[in-house]
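Before any comments, here is the structure.
Please treat every number below as a calculation from the coordinates, not as lab data. In this text, all values refer to a predicted model and were calculated from it rather than measured experimentally. Positions of Cβ are backbone-derived with ideal geometry, glycine not excepted, and every protein chain shown enters the neighbour counts.
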Amino acid sequence: MLGFVPETFVAGIISEPPVWLSHWLARLGLVVIAGSVIVGTFFWDRRERYKAKRVPPLTSHDCEVYIALFLILDSSAWMHWQDAQHIANSGKPLGGLNKMHLAETVFRMRAENGEIIIRGRRRDRLEYEEISPDIWKITYLDLRHDKKTLWRATMKARHGLDQETAKQIPDYVSLQVSEQKVREFWPKKDKRLDAKTKRLLKDAKKKKG
């Protein structure tokens, strides 16, 4: 109820009790109930404060980087074209690891050129920060299974990088990117690429036949 203060309510009743509260058991019961309300209110307030301090949720325009990689890998016209080229040349589609390597490479190149901005959250912080495009010159994205989110993308030092430089790479526990940007660079449908893909698959079918 609006304006209800448990402490004031209990104090008023105890100082000027109604007739039905003349029995000590009734008083004790009321005190126990009121105490429960006060304790419950305290912990509810603590819960709400904790929720407010947690990491802000992703907006409708952002997605985790591992999701972006799967968007490129599974549903982009560009990857379908790459797959069709491999089928035309070898008679077999690209393997999953090869697709992931391609998706990571083109995505990272866009980030390195500053065309895609990736934001990261450090392990000991709540806020996200923009990652400098320069850092992608010495790092790559490593996609691994994760118990909580199924997949997780992390930054790793490139092979051959000296240890002192590698230590300066931030420890990000979450990486985000604009899903809209990902869709712009790797759309589901692309008339030019779709036409090439169709032609390649048609030629591959003729060779096989």
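By the Cα gyration tensor, region 62-208 has an equivalent ellipsoid whose semi-axes, rounded to whole angstrom, run 32, 16, 14 from largest to smallest. Between residue 206 and residue 164, the modelled label-to-label distance comes to 6.0 nm, taking each label 7 Å out from Cα in the direction of the beta carbon.
Restriction of the trypsin sites (Lys or Arg not before Pro) in region 54-158 to DSSP coil positions whose beta-carbon has at most 13 other beta-carbons within 10 angstrom yields 54, 123, 125, 147, 148, 158. Listed by chain and number, the lysines whose alpha-carbon sits under 30 Å from that of residue 191, ignoring those within fewer than 8 places in the same chain, are 92, 99, 181, 202, 205, 206, 207, 208.
Per-residue 3J(HN,Hα) values for region 124-137, derived from phi via the Karplus relation 6.51 cos²θ - 1.76 cosθ + 1.60 with θ = phi - 60°, read 9, 10, 9, 8, 9, 9, 6, 9, 4, x, 4, 5, 6, 6 Hz in sequence order (x marks Gly and Pro). Panel order for 151, 81, by other beta carbons found within 10 Å of each beta carbon, from fewest to most: 151, 81. When you work out D = kT/(6 pi eta Rh) for region 150-199 at 4 °C and 1.567 mPa s, using the Kirkwood radius from C-alpha pairs as Rh and the Stokes-Einstein form, the result is 88 µm²/s.
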